[in-house]
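Comments concern the structure below.
The values are calculated or read from the model by the stated rules, or taken from the named source; none is laboratory data. Since the model is a prediction, treat every value here as computed from it, not as a measurement. All Cβ positions, even for glycine, are placed from backbone atoms using ideal geometry, and neighbour counts span all protein chains on display. SASA here: full protein model, heavy atoms, side chains in, ligands and nucleic acids out. Shrake-Rupley method; radii C 1.70, N 1.55, O 1.52, S 1.80 Å.
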Amino acid sequence: MARLRLSDARFLLAWLLPFSLLLNLTRHPEQAAIGTLITWAAVAAIDQWWPGAQRSPVASAANPLLSWVLRLFVPLQCLILVGGLLVVREGDWWRVLGLSFAVGFVTGAQGITFAHELGHSRNRIDRALGWLLMASVNYSHFMVEHYRGHHPRAATFDDPATARRGETLWGFLPRTLGGSFMSGWRLEAIRLRQFGKSWMASPLAWASGLNVLIVAVFAIAGEWKMLAFWLGQSAFAIWLLETVNYIEHYGLQRSVDADGKREPFGVPHAWNADHVVSNSLLANLQRHSDHHTHAWKPFPELEPLPGPQLPTGYAGCLLLAAVPPLWFRLMHPRLDAAR
């Protein structure tokens with residue numbers, strides 16, 4: 001059996017956040033939110049100021065064991081969600097709010113990131129696990145729109161998940177939420193017509209039906225705190241996903257010729273950050289140019305390409321993007337330089 005190299009072992013950090021959250025859920029649920037805030041701030045601070053933390057180890061051949069870092073996260077996230085539902089049921093509304101934030105941070109920052117990676121796998125079971133993770137945050141259409149919509153159209157005006165120069169995060173969110181939802185269902189309808197299949201053969205239809213059923217069961221049972229937690233953690237997870245989308249291609253555009261043919265996606269069409277802590281927690285997602293140019297490449301093999309560089313890792317950029325004047329002040333000079 002392949003042995004983990006020291007540089008590979010850093011990806012085991014991905015389990016630190018969910019296990020810490022489980023500990024808080026079982027012992028100190030009232031501390032979960034503040035613990036999450038401290039973790040978020042600590043990762044952002046290390047990314048920016050810790051000497052040497054701005055560079056991750058070099059890419060290496062993917063160790064098969066690393067696939068299990070993603071796969072085993074799925075039952076771990078399910079356990080967190082069930083635990084959260086049970087804890088909020090007996091707590092007050094402040095507990096509901098705090099745990100929605102704490103759990104949504106894990107299901108969004110890592111659960112959606114790992115669903116994204118599993119969805120790019122050629123293994124059907126891995127892709128099914130990706131669907132399960134996205135259904136757990138009530139955002140199943142991502143599993144269609146991201147692979148068949150965003151990847152072909154990224155860094156163009158046709159892509160609802162690409163932010164335009166001067167567009168604030170708060171203006172981008174309604175456009176990407178509505179546009180991605182409509183695009184996902186439209187692309188699935190096209191696929192079903194091409195293969196002569198009905199909606200009964202659509203994983204999107206089944207996952208969305210499950211989402212509706214879960215909400216209906218909580219509402220009919222009068223479990224309003226459980227329902228609020230379920231929707232609250234989903235809302236924060238989706239905010240994290242779409243804010244990362246805002247960051248990843250902000251202001252970058254591929255050219256289009258007179259016939260409407262797009263320039264091939266290249267290194268200049270995604271923002272990158274090679275900070276070791278956030279890359280270890282997020283399966284090298286911040287090596288984003290290489291991910292888009294080699295979508296099937298396993299995450300340990302992604303290279304830190306010399307494309308446009310973010311001012312810091314995603315943990316800090318999430319906070320910067322929420323303050324548009326600060327975001328523009330930092331990003332527009334970099335955007336001008338990238339062009």
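I'm checking my understanding of the structure. Among residues of region 57-108 that are under 25 Å from residue 301 (Cα atoms) and among the hydroxyl-bearing types (Ser, Thr, Tyr), which one is modelled with the highest pLDDT? Result: 107.
Just the residues that are surrounded by fewer than 18 Cβ atoms within 10 Å (Cβ to Cβ) and assigned to a loop (DSSP other than H, G, I, E, B), please, taken from region 122-138. 122, 123, listed by residue number. Looking at region 270-339, the helices (runs of 4 or more DSSP H) lying wholly inside it that each contain 3 or more residues that are under 14 Å from the mean Cα position of the chain (by Cα) sit at 276-281, 314-321.
From the list 77, 54, 110, 31, the lone residue that is in a helix (DSSP H, G or I), among the polar types (S, T, N, Q), open to solvent by 10 Å² or more (accessible area, probe 1.4 Å) and out of contact with any strand residue (DSSP E or B) (no Cβ under 7 Å at 6 or more places or on another chain) is 31. Remark: residue 43 falls outside the filter, which requires a residue to be in contact with a helix residue (DSSP H, G or I) (Cβ under 7 Å, 6 or more places away or on another chain), open to solvent by less than 10 Å² (accessible area, probe 1.4 Å) and of a type in the set (A, V, I, L, M, F, W, C).
Each row is one residue, and each column tells you yes or no for (1) aliphatic (A, V, I, L, M); (2) under 23 Å from residue 129 (Cβ atoms); (3) buried (at least 19 other Cβ atoms within 10 Å of the Cβ); (4) in contact with a Cys (Cβ under 6 Å, 6 or more places away or on another chain).
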position: 150; (1), (2), (3), (4): no, yes, yes, no
position: 157; (1), (2), (3), (4): no, no, no, no
position: 163; (1), (2), (3), (4): yes, no, yes, no
position: 168; (1), (2), (3), (4): no, no, no, no
position: 176; (1), (2), (3), (4): no, no, yes, no
position: 189; (1), (2), (3), (4): yes, no, no, no
position: 200; (1), (2), (3), (4): yes, yes, no, no
position: 207; (1), (2), (3), (4): yes, yes, yes, no
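Inspect region 300-312 for any residue being of a type in the set (A, V, I, L, M, F, W, C), open to solvent by 40 Å² or more (accessible area, probe 1.4 Å), out of contact with any Asp or Glu (no Cβ under 6 Å at 6 or more places or on another chain) and more than 15 Å from residue 10 (Cβ to Cβ) and give the result as yes or no. Within region 300-312, not a single residue is of a type in the set (A, V, I, L, M, F, W, C), open to solvent by 40 Å² or more (accessible area, probe 1.4 Å), out of contact with any Asp or Glu (no Cβ under 6 Å at 6 or more places or on another chain) and more than 15 Å from residue 10 (Cβ to Cβ).
Checked against the criterion of being out of contact with any Ser or Thr (no Cβ under 8 Å at 6 or more places or on another chain), open to solvent by less than 10 Å² (accessible area, probe 1.4 Å) and in contact (Cβ under 8 Å) with a residue 40 or more places away in the chain, region 267-286 contains one or more residues that satisfy it. For region 238-251, the set of residues classified as open to solvent by 10 Å² or more (accessible area, probe 1.4 Å) and aliphatic (A, V, I, L, M) consists of 238, 241, 244, listed by residue number.
Put simply, of 258, 228 the only residue that is open to solvent by 20 Å² or more (accessible area, probe 1.4 Å) and in contact with a helix residue (DSSP H, G or I) (Cβ under 9 Å, 6 or more places away or on another chain) is 228.
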